[in-house]
Amino acid sequence: MTLKTFFHRLGSPPYFYQISRPWGRAFAWIGLLLILVGLYGGLWLAPPDYQQGNGFRIMYVHVPSAWMSLFVFMVIAVCSFIGLVWRMRLAYAVAAASAPLGAAFTAVALVTGSLWGKPMWGTYWVWDARLTSELILFFLYLGVITLNRSFEDQKTGDKAAAILALVGAIDVPIVHYSVDWWQTLHQGSSFKGLTSEIAPSMLWPLLVLMAGFMFYYGWLVLWRTRSELLLREADRDWAQQVIGS
Amino acid sequence: MNPWLFFFRTELGISWRERRRVMLPLVFFSIVAFLFPLTLNPKGHLLARMAPGIIWVDAMLAVFLGLESLFRHDHEEGILEQWVISPTSLELRVLFKVASFWTVTSLPLLLISPLLVLWLSFPLRGLGILMIGLFLGTVTLCFLGALGAALTLTLRQSSMLIAILFLPIATPVLIFGAHSAVLAARQLDPRPALYLLATLFFLTVGIVPKAISAALRISYET
């Protein structure tokens, strides 16, 4: 099966509903395995940091969440584009299913970041460039979610949220850059970040956890898209059959 | 007369009929600015240091105030529907519509900004830069806000939703705008901030009318 025919077939919700079940299961198991291995490596095997002690270990949840918060926004933007251009119903369902997940990843990144900030910086909140742009990203997610749910007609909500997501996707780098610029002008950089000079024993669990979070998201998004499709197509034959059986 | 200029003039004329819409943001803008000296200590340098931020947040709120009614009337009267089905470019119509919205709601703010400068003890020599920055910034804010208004066109009680959509997207404008004012007040070279504001200005004027038109079309598609 070529990629093109696969893409065309994905346009059919019953087909997606059928194949998403084994794929979702596979993603769930791979994600669980990777997360367990990564957590074991990060929380037990990796040595304490010479400056931060054991406090740095929160990074193993924080960094993958922050990474996912951007990744999921990109997924939503790409799906929105596909939905608006090729009018693919599945793309809208994936975008709608992803938005709350992305918001949750962003919230986790913010909370873990400020918990880490308390012992390290002495305060829960600093107007650090990354924290600030992450917060703005969180508000953008809330906007996409709220707009999508505000209309009586789901199709209108999908399209409106898609336009907002596309504009937001252009805006996210600008926000990041502007906040970076603003922060360097107002206060000296309070923190240089965890640069790539991480010891290999600390780095590999992080990479494993990032892959694990991707699979975890993949599982959740497939699972949520299935429910979205059933809700949206509740009056179609295939959905009736699924609900009936 | 060029049909687009005629359209622009008609839009201005309609707004002028409802002068309340012109006055309201203006009054709001002055009252909000006037609250700060009352709540902060008006003596000392605190007020002068906060002035750029106050003026910019205030301008943003004043723009936001008028957004809900931007397309509302045209939508209810069916004019917008005619725009959507008309063969002439909807993007250009949107461009001129928002331009007239800016002329009616934000241009007066620019004109009374000298008053705010006096109230908030912002240095007078920075006034010119402040006004250039406000010009670039309010146009950008109007277009971004119009996108929020277009997306929520068919909803009731949409102003809170517009705020959620508009304010996060508009933060870069606020950052560069307020910073250009800070640089002007300190008599430093304001060009970096102004160039960045101008970049956002052209980016927004170039791209956002397309997004606004797409958002307006959605309302009539189903």
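The values are calculated or read from the model by the stated rules, or taken from the named source; none is laboratory data. This structure is a prediction, so every number in the text was calculated from the model and none was measured. Neighbour counts are summed over all protein chains in view; Cβ atoms, including those assigned to glycine, are modelled from backbone coordinates with ideal geometry. All accessible areas refer to the heavy atoms of the entire protein, side chains included, with ligands and DNA or RNA removed. Shrake-Rupley method; radii C 1.70, N 1.55, O 1.52, S 1.80 Å.
Springs between Cα atoms under 10 Å define the GNM used for chain A, and in it the highest mean-square fluctuation of A:Ser65, A:Ser98, A:Ser114 occurs at A:Ser114.
Here is how the number arises for chain A: DSSP H runs of 4 or more residues each give -39500 (n - 2.57), the sum is divided by the residue count, and the result at 222 nm is -27500 deg cm²/dmol. Membrane-span-like helices in chain A (whole DSSP H runs, Cα extent of at least 15 Å along the helix axis, mean Kyte-Doolittle hydropathy of at least 1.6): A:59-86. Each principal axis of the Cα cloud of the protein assembly as shown was evaluated for its coordinate range; sorted largest first, these ranges are 65, 61, 35 Å. For the residues B:Leu70, B:Leu38, B:Leu174, a GNM of chain B with alpha-carbon springs under 10 Å puts the largest fluctuation on B:Leu38.
Using Cα positions and a limit of under 12 Å, work out the aspartates and glutamates in reach of B:Lys97, with same-chain residues fewer than 8 apart set aside. Correct list for B:Lys97: B:Glu11, B:Asp74. Overall, the range B:19-220 carries a charge dipole of about 380 debye about its Cα centre when +1 sits on the Cβ of Lys and Arg and -1 on the Cβ of Asp and Glu, all other atoms neutral. Cross-link partners of A:Lys118 among aspartates and glutamates, defined as those whose alpha carbon lies under 18 angstrom from its own and excluding same-chain residues fewer than eight positions apart: A:Asp49, A:Asp128, A:Glu134.
Once the Cα-Cα distance is subtracted from the 0.36 nm per residue extended length, the A:Val85 to A:Gln52 segment shows a gain of 7.0 nm. In straight-distance terms, cross-link reach from A:Lys4 covers every one of the lysines whose alpha-carbon lies under 22 Å from its own, apart from those fewer than eight places away in the same chain; here that gives an empty set. Each label point was placed 7 Å from the Cα along the Cα-to-Cβ direction; for A:Trp238 and B:Trp16 their separation is 5.9 nm. Which of B:Pro192, B:Phe28, B:Ala59 sits farthest toward the positive end of the charge dipole of chain B, with +1 on the Cβ of Lys and Arg and -1 on the Cβ of Asp and Glu? Farthest towards the positive pole: B:Pro192.
For the protein assembly as shown, carbon and sulfur atoms together expose 68% of the accessible surface, with a 1.4 angstrom probe and every protein chain in place.
Over the residues of chain B, the helix contribution to mean residue ellipticity at 222 nm works out to -28000 deg cm²/dmol, using -39500 (n - 2.57) for each DSSP H run of at least 4. Global size of chain B: 18.0, 60 Å for Rg and Dmax (C-alpha atoms, Rg to one decimal, Dmax whole).
For the pair B:Ile79 and A:Tyr177, label points projected 7 Å from Cα toward Cβ lie 3.7 nm apart.
At full extension, B:His45 and B:Arg186 could sit 49.5 nm farther apart than now, given 0.36 nm per residue minus the alpha carbon distance. Along the axis of the charge dipole computed for chain B (Cβ charges of +1 for Lys and Arg, -1 for Asp and Glu, origin at the Cα centre), the listed residues B:Leu118, B:Val98, B:Ala146 are led at the positive end by B:Leu118. Of the residues B:Phe36, B:Phe101, B:Phe166, the one that moves most in a GNM of chain B with alpha-carbon contacts below 10 Å is B:Phe36.
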